[in-house]
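Colleague: Here it is, the structure in full.
The values are calculated or read from the model by the stated rules, or taken from the named source; none is laboratory data. Keep in mind that what you see is a predicted model, and the values were worked out from it rather than measured. Neighbour counts are summed over all protein chains in view; Cβ atoms, including those assigned to glycine, are modelled from backbone coordinates with ideal geometry. The protein model used for the area step is the full one, side chains on, heavy atoms only, and it has no ligands, DNA or RNA in it. Shrake-Rupley method; radii C 1.70, N 1.55, O 1.52, S 1.80 Å.
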Amino acid sequence: MKISGAEIIVECLKKENVEVMFGYPGGVVIPIFHQIFNAPFKFILSRHEQGAVHAADGYARASGKPGVVLATSGPGATNLVTGIATAYMDSVPLVVFTGQVHSAMIGNDAFQEVDVTGITRPISKHNYLVQDINDLSRIIKESFYIASTGRPGPVVIDVPVDISNGFTRFHYPESVNIKGYKPVYEGHSGQIEKACGLIESSSRPVIYSGGGVIISNASEELRTFVKKTGIPVTTTLLGMGAYPETDSLSLEMLGMHGTYYANRAMHESDLVIAIGARFDDRVTGKIDTFIPNAKVIHIDIDPASVSKNVLVDIPIVGDCKKVLGEMNKIIQPPRITEWIDKINQWKKDHPLSYEDSGKGRIKPQYIVEEIYRQTGGEAIICTEVGQNQMWAAQFYKFTEPRSFISSGGLGTMGYGFPAAIGAQLARPDKRVIDIAGDGSIQMNIQELIVAVQHRIPVIIAILNNGFLGMVRQWQQLFYDKRYSHTCINFAPDFVKLAEAYGAAGISVKERNEVIPAIKKALEITDRPIIIDFHVAREENVYPMVPAGKSVKDTIMRDLA
Amino acid sequence: MKQYVISVKVENKFGVLARVAGLFSARGYNIDSLTVSTTEQDNISIMTIVVKGDDRVIEQVKKQLNKLIDVIKVTDHSDIPTVQMEIVIIKISAPQSKRAEIFQLGEIFRADIADISAKSITLGVKGEPEKIDNFIELLRPYGIKELMRTGRVSMVKETKDSK
């Protein structure tokens, strides 16, 4: 029996056990929507395509399964671009369907035509333009495989309307065979032995653990490794939760706004064990002065990440989970008591802190701490980008993988709230909180109605300082305090806005209202909640290693 | 900056050329030459890319090329024994008085006389890139009216070690 291309898409998604699809209709995808109408999976209609792709991304990060998106040609596709790039930078598996104009019209500047494969080429792991309906099911099978294996990433499938409307026999391939794509999962045993030898003879080792540990579900293996070796762990922004930040061997986050002790330990280290991390410039600062005395072991599934920014002594290309598993079988602990004492002294002397007299406008850090306390550290925290993101990273203590969801590589403002919707759909058992700024939240505020419609009780905690705070901070510190276009206190009333959408709105201006507001929000389970926290306007994120500077240039607090 | 010769075996699919070229252009690298052709195997094409660049950046580009789904194999031909060839077509001013000299030069280089007109001669030469460079330099004094090179193709030589 022959079925249509649109039906084939739905059949393939069923075969891939897709639970939820995110998207927005348009002219050339009507045939696909026609079939989705009766599909057995959930469809979440966003109010802007960017909302759909970020939601799929949040779903993928919270669940570990690929997020699936459908949008129309032209503007539908271009509205996805930021979301695809966001997922690409952070290695998030997505399968993105875009409609395309009729094959015969491609290249003719047809209505709502853009070159989707051209536009998404440098921001996707792979992409396809379907030219023959008989290739459709193979392409979809390959896309799910490519998106979710190796170093994951978004795959785009551009489907011309005549392919959706065409007919052929449906056959879903059992397996995938792509000549040029064979990810390596097993680490080289010789390299693993060498690495273990180096670790055992080191005296100041540090584990630098990244998003790859979360992606490969290697959190258990990492914890075992630390238990066996006693080596302290710092994580990247995207690596948070792989190792419990409440543990004494955790140095928490490193980098530009990382803890003093994490950055200092890296700097003084004689051996950095990088696991699923990519030596991003927000981690290294000035590359010439980064880890000056350390040898480097680098475990990563992506050979292109190895020796990209920092030369590596022992590269191990493979899956973090498998490689750590192998290392755990043979590793012996190094002797590092003195080193740990030294680190503990740094922790004691330079803890993460902020000044809080308890008077005046509420400190944003205090709000994050209270969110942590009131949720018992059990929530999934999404963030926008900027100061809100850094305070969330610093002052919420993450203990489980996939509990922190944030746009790291691309730094996409407007990511957090739609991602929170996706995360909540993936994890209905968890409370999901978007820690937001008053700038970022306005970038995808239209998605509020989606959360209302589906009774998704995401809490949006706006740290409202009336500024685009992170840029303002840079202007204050490095640009003579000239606050060019970063003051946004000409703002909507967020409580009324929440109510207009049918969400709950709570305004908090006094410190003693913080806890009751969070408690009240946590009691609401049938709709989204906005809490508008009026916070100290010119609070800065510290510590800060200025861009392109080294650890010794760290700014610890405001100069008087 | 060093000149690199990179051989890239790819699936013969549309869009592959753009993917490969994009990795260079995104880094602001200008490709000196690029050839694409079919091979002895169906559905597989080979690209020979000549590009100048910084060691570490080229190393990174090679890794990124390997990451492309449609790329099957990347081989650096810069420092290994290879057979390299390209073709040049060159049109030079050729008044009657100079023609004998030009023919003589052409003979030394085993050039084809591709076209002759009242004012010009067009020659074609194939061979190793250095030979082509020399030929062009020797003809330059006569006045080059038009010149184009195909860009080189490069194949690894069979050695005792190769299977």
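Colleague: So, in region A:76-103, exactly how many residues are under 17 Å from residue A:118 (Cα atoms), polar (S, T, N, Q) and either part of a helix (DSSP H, G or I) or within 10 Å of the chain's Cα centre (by Cα) (or both)?
Modeller: 3
Colleague: Please pick out the residue among A:389, A:332 that is among the polar types (S, T, N, Q), over 21 Å from the mean Cα position of the chain (by Cα) and modelled with pLDDT of 95 or more.
Modeller: Answer to the selection: A:332.
Colleague: Out of (1) within 24 Å of residue A:75 (Cα to Cα); (2) at pLDDT below 95, the odd one out for residue A:27 is which?
Modeller: Condition (2) is where residue A:27 drops out.
Colleague: Answer yes or no as to whether residue B:11 is touching a residue at least 60 places away in the same chain (Cβ under 8 Å) and within 11 Å of chain A (Cβ to nearest Cβ).
Modeller: So residue B:11 passes the test.
Colleague: Here's another thing I want to ask about it. Is there a residue being under 30 Å from residue A:304 (Cβ atoms) and in a loop (DSSP other than H, G, I, E, B) anywhere in region A:34-43?
Modeller: No, region A:34-43 contains no residue that is under 30 Å from residue A:304 (Cβ atoms) and in a loop (DSSP other than H, G, I, E, B).
Colleague: How do the pairs read when you match residues in region B:120-145 that are free of Cβ contacts under 8 Å to residues at least 40 places away in the same chain and assigned by TED's automatic domain parsing to the domain that holds residue B:99 with residues anywhere that are of a type in the set (Phe, Trp, Tyr) and loosely packed, with under 14 Cβ neighbours inside 10 Å, using Cβ under 6 Å and keeping only pairs 6 or more apart or on different chains?
Modeller: none
Residues are listed down the side, and each one gets a yes or a no for (1) open to solvent by 60 Å² or more (accessible area, probe 1.4 Å); (2) within 10 Å of another protein chain (Cβ to nearest Cβ):
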position	(1), (2)
A:111	yes, no
A:120	no, no
A:123	no, no
A:126	no, yes
A:130	no, no
A:133	no, no
A:139	no, no
A:142	no, yes
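Colleague: Return a yes/no flag: does region B:25-34 have any residue that is more than 13 Å from chain A (Cβ to nearest Cβ) and over 25 Å from residue B:126 (Cα atoms).
Modeller: Yes: one or more hits.
Colleague: If you don't mind, another one. Name the residue, out of A:262, A:274, that is among the aliphatic types (A, V, I, L, M) and more than 25 Å from residue A:190 (Cα to Cα).
Modeller: From the options A:262, A:274, the qualifying one is A:262.
Colleague: So, one more: Against the definition (of a type in the set (Gly, Ala, Ser), at pLDDT 95 or above, crowded, with 24+ Cβ neighbours inside 10 Å and under 22 Å from residue A:9 (Cα atoms)), how does residue A:104 come out, yes or no?
Modeller: No; evaluated as a whole, the condition is false for this residue.
Colleague: Can you tell me how many residues within region A:309-326 are touching a Leu at 6+ places or on another chain (Cβ under 8 Å) and either at pLDDT below 95 or part of a strand (DSSP E or B) (or both)?
Modeller: Qualifying residue count for the region: 1.
Colleague: Moving on. Among the residues of region B:135-163, how many are touching a Phe, Trp or Tyr at 6+ places or on another chain (Cβ under 8 Å) and within 22 Å of residue B:31 (Cα to Cα)?
Modeller: Adding up the residues that qualify gives 0.
Colleague: I would also like to ask the following. Go through region B:123-163 residue by residue and tally those that are closer than 11 Å to residue B:93 by Cβ, touching a Lys or Arg at 6+ places or on another chain (Cβ under 7 Å) and either open to solvent by 100 Å² or more (accessible area, probe 1.4 Å) or part of a helix (DSSP H, G or I) (or both).
Modeller: 2
Colleague: Inspect all residues belonging to region A:60-75 and state whether any of them is small (Gly, Ala, Ser), closer than 23 Å to residue A:6 by Cβ, open to solvent by less than 10 Å² (accessible area, probe 1.4 Å) and in a helix (DSSP H, G or I). Write out each step before concluding.
Modeller: Kept after step one, since they are small (Gly, Ala, Ser), are these residues of region A:60-75: A:60, A:62-64, A:67, A:71, A:73-74.
If we keep only those that are closer than 23 Å to residue A:6 by Cβ too, we end up with A:67, A:71, A:73-74.
Next, from what is left, pick out any that are open to solvent by less than 10 Å² (accessible area, probe 1.4 Å): A:67, A:71, A:73-74.
Next cut, in a helix (DSSP H, G or I) only: none.
Taking every residue of region A:60-75 in turn, none turns out to be small (Gly, Ala, Ser), closer than 23 Å to residue A:6 by Cβ, open to solvent by less than 10 Å² (accessible area, probe 1.4 Å) and in a helix (DSSP H, G or I).
Colleague: Output the helices (runs of 4 or more DSSP H) that fall wholly within region A:153-244 and possess 2 or more residues being under 30 Å from residue A:80 (Cβ atoms) and in contact (Cβ under 8 Å) with a residue 12 or more places away in the chain, or say none.
Modeller: A:161-165, A:211-215
Colleague: Considering only region A:307-320, state which residues are open to solvent by less than 10 Å² (accessible area, probe 1.4 Å) and either over 21 Å from the mean Cα position of the chain (by Cα) or within 11 Å of another protein chain (Cβ to nearest Cβ) (or both).
Modeller: A:316, A:318
Colleague: Follow-up question, since we're still on this one. Look through A:259, A:289 and report the one residue that is more than 14 Å from every other protein chain (Cβ to nearest Cβ) and open to solvent by 20 Å² or more (accessible area, probe 1.4 Å).
Modeller: Only one candidate passes the filter, namely A:289.
Colleague: Here's another thing I want to ask about it. From the list A:281, A:270, which one is open to solvent by 40 Å² or more (accessible area, probe 1.4 Å), among the acidic types (Asp, Glu) and more than 24 Å from residue A:63 (Cα to Cα)?
Modeller: Working: A:270 fails: open to solvent by 40 Å² or more (accessible area, probe 1.4 Å).
Only one candidate qualifies: A:281.
Colleague: Another question, if that's okay. Cβ-Cβ below 7 Å, separation at least six or inter-chain, first residue in region A:11-38 and hydroxyl-bearing (Ser, Thr, Tyr), second part of a helix (DSSP H, G or I): which pairs?
Modeller: Cβ pairs passing all conditions: A:24/A:49; A:24/A:52; A:24/A:76.
Colleague: Restricting to helices (runs of 4 or more DSSP H) lying wholly in region A:429-512: which have 1 or more residues that are out of contact with any strand residue (DSSP E or B) (no Cβ under 6 Å at 6 or more places or on another chain), small (Gly, Ala, Ser) and surrounded by fewer than 18 Cβ atoms within 10 Å (Cβ to Cβ)?
Modeller: Fully inside region A:429-512 and qualifying: A:494-501.
Colleague: Among the residues that make up region A:9-21, is at least one of them in contact with a Gly (Cβ under 6 Å, 6 or more places away or on another chain) and modelled with pLDDT of 95 or more?
Modeller: Scanning region A:9-21 turns up no residue that is in contact with a Gly (Cβ under 6 Å, 6 or more places away or on another chain) and modelled with pLDDT of 95 or more.
Colleague: While we're here: Of (1) open to solvent by less than 20 Å² (accessible area, probe 1.4 Å); (2) without any contact (Cβ under 8 Å) to a residue 12 or more places away in the chain, residue A:4 satisfies all except one. Which?
Modeller: Unmet for residue A:4, out of (1) open to solvent by less than 20 Å² (accessible area, probe 1.4 Å); (2) without any contact (Cβ under 8 Å) to a residue 12 or more places away in the chain: (2).
Colleague: Please note which strands (runs of 3 or more DSSP E) are completely contained in region B:48-122 and include at least 1 residues that are closer than 30 Å to residue A:180 by Cα, within 14 Å of chain A (Cβ to nearest Cβ) and open to solvent by less than 80 Å² (accessible area, probe 1.4 Å).
Modeller: B:71-76
Colleague: Against the condition away from chain B (no Cβ under 14 Å), among the β-branched types (Val, Ile, Thr) and not in a loop (DSSP other than H, G, I, E, B), how does residue A:297 come out, does it pass? If you could, list the steps in order and put the result at the bottom.
Modeller: Details: away from chain B (no Cβ under 14 Å): yes; among the β-branched types (Val, Ile, Thr): yes; not in a loop (DSSP other than H, G, I, E, B): yes.
Against the criterion (away from chain B (no Cβ under 14 Å), among the β-branched types (Val, Ile, Thr) and not in a loop (DSSP other than H, G, I, E, B)), residue A:297 qualifies.
Colleague: Please work out if residue A:323 is within 14 Å of chain B (Cβ to nearest Cβ), open to solvent by less than 50 Å² (accessible area, probe 1.4 Å), closer than 28 Å to residue A:278 by Cβ and not polar (S, T, N, Q).
Modeller: Answer is no for this residue.
Colleague: Kindly evaluate residue B:5 against the criterion of being crowded, with 20+ Cβ neighbours inside 10 Å, under 20 Å from the mean Cα position of the chain (by Cα) and either farther than 26 Å from residue A:179 by Cα or more than 14 Å from chain A (Cβ to nearest Cβ) (or both).
Modeller: yes
Colleague: Check off (1) under 19 Å from residue B:59 (Cβ atoms); (2) more than 25 Å from the chain's Cα centre (by Cα) for residue A:339 and give me the number that stays unchecked.
Modeller: So residue A:339 meets the others, but not (1).
Colleague: Next question, about the same structure. Kindly indicate whether residue A:341 is buried (at least 21 other Cβ atoms within 10 Å of the Cβ) and more than 14 Å from chain B (Cβ to nearest Cβ).
Modeller: no
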